[in-house]
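*Asks:* Before we start, here is the structure in question, set down as structure tokens.
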Amino acid sequence: MHLLSIDNIVAGYGQLTILHGASLYVDEGEIVCLLGANGAGKSTLLRAVSRLIPVLSGSITYAGKNILPCKPHVVAKRGISHVPEGRGLFGNLTVLENLTLATFAGRGAAAPLVKTVFELFPVLGRRRRQLASTLSGGEQQMLAIGRALVADGSLFVLDEPSMGLSPMYVKNVFSIVAQINQKGKTILLVEQNAAMALKYSHRGYVLENGRILASGTSSQIGANAELTKAYLG
């Protein structure tokens, strides 16, 4: 049984349909990347998983249970932690306050999980009393990922974690993603930086116009010259 199974979903915003029968799966312990051009529907698919948008048809199951009827906070309680594009931080709250808030949507005790975040991201520990809005872009991304860790989910849904970051921070963020995976977390990753995504993931899918165009191991996708030239840059 797959940890996450998305079968033939159709979804979008109001009268605008973005996903046209997309299907994929994620097994426990994997890092799976979802690649494609801007507007292909990658973020829409993640929002459908987190139940932030309606799904018109198809099915989404997590840990063997249908989650389509669930509200976003119920999905979070069941173990799906979403790190959205743009990070979604509370800029007028401190680092520590942002992390503490995440425990209300999560499943674990606050103090040990916050301690784990500060061990993983020492810079956040040093700046725990600093407002989130005053952090650098890379530090804000660390905080967004740390908040997902505090929510204590089993599946991390990461939307463009490298967006707007310097090359140094991009490498750092992907290294952290790998460490999180090694700690037993499963990851579904949307990423424009295809080379980095394929380097750190086990499998991948390419999305085009709301449909899955290709899938395979990361090495298979990376070795497909035609696919790489057309969709992965």
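*Asks:* Kindly provide the set of residues from segment 185-233 that are in a loop (DSSP other than H, G, I, E, B), of a type outside the set (Ser, Thr, Tyr) and farther than 19 Å from residue 38 by Cβ, ordered by number.
*Replies:* Those that are in a loop (DSSP other than H, G, I, E, B), of a type outside the set (Ser, Thr, Tyr) and farther than 19 Å from residue 38 by Cβ: 185, 202, 224.
*Asks:* Out of (1) outside any strand (DSSP E or B); (2) in contact with a Cys (Cβ under 6 Å, 6 or more places away or on another chain), what's the single condition that is false for residue 168?
*Replies:* Looking at each condition in turn, residue 168 falls short on (2).
*Asks:* Of the conditions (1) part of a helix (DSSP H, G or I); (2) touching a His at 6+ places or on another chain (Cβ under 6 Å), residue 157 clears all except one; give me its number.
*Replies:* Only one criterion is unmet by residue 157, namely (1).
*Asks:* Let me ask something else about it. What is the residue count in segment 1-52 for residues that are assigned to a loop (DSSP other than H, G, I, E, B) and under 25 Å from residue 184 (Cα atoms)?
*Replies:* Number of matching residues: 9.
*Asks:* Please indicate, with yes or no, whether at least one residue in segment 204-219 is touching a Cys at 6+ places or on another chain (Cβ under 6 Å) and either modelled with pLDDT of 90 or more or surrounded by 21 or more Cβ atoms within 10 Å (Cβ to Cβ) (or both). Give the steps one after another, and end with the answer.
*Replies:* Looking only at segment 204-219, we keep the residues that are touching a Cys at 6+ places or on another chain (Cβ under 6 Å), and these are 204.
Among the residues that remain, those that are also either modelled with pLDDT of 90 or more or surrounded by 21 or more Cβ atoms within 10 Å (Cβ to Cβ) (or both) are: 204.
Yes: segment 204-219 contains one or more residues that are touching a Cys at 6+ places or on another chain (Cβ under 6 Å) and either modelled with pLDDT of 90 or more or surrounded by 21 or more Cβ atoms within 10 Å (Cβ to Cβ) (or both).
*Asks:* Among the residues of segment 53-104, count how many are in a loop (DSSP other than H, G, I, E, B) and modelled with pLDDT under 90.
*Replies:* Result for segment 53-104: 9.
*Asks:* Give the residues of segment 9-51 that are of a type in the set (Val, Ile, Thr), crowded, with 20+ Cβ neighbours inside 10 Å and in contact (Cβ under 8 Å) with a residue 60 or more places away in the chain, sorted by residue number. Quick ask: steps written out before the conclusion?
*Replies:* Quick first cut of segment 9-51, residues of a type in the set (Val, Ile, Thr) only: 9-10, 17-18, 26, 31-32, 44, 49.
Okay, now just the ones that are also crowded, with 20+ Cβ neighbours inside 10 Å, so 9, 18, 26, 31-32, 44, 49.
Those that are of a type in the set (Val, Ile, Thr), crowded, with 20+ Cβ neighbours inside 10 Å and in contact (Cβ under 8 Å) with a residue 60 or more places away in the chain: 18, 26, 31, 32, 44, 49.
*Asks:* If residue 172 passes every condition in (1) of a type in the set (S, T, N, Q); (2) under 29 Å from residue 17 (Cα atoms); (3) surrounded by 15 or more Cβ atoms within 10 Å (Cβ to Cβ); (4) without any contact (Cβ under 8 Å) to a residue 40 or more places away in the chain but one, which one does it miss?
*Replies:* Here residue 172 meets the rest and fails (2).
*Asks:* Of all residues in segment 114-153, which are in a helix (DSSP H, G or I), surrounded by 15 or more Cβ atoms within 10 Å (Cβ to Cβ) and among the basic types (Lys, Arg)?
*Replies:* 147
The values are calculated or read from the model by the stated rules, or taken from the named source; none is laboratory data. In this text, all values refer to a predicted model and were calculated from it rather than measured experimentally. Methodologically, a virtual Cβ is constructed for each residue, glycine included, from the backbone with ideal geometry; neighbour enumeration extends over all protein chains shown.
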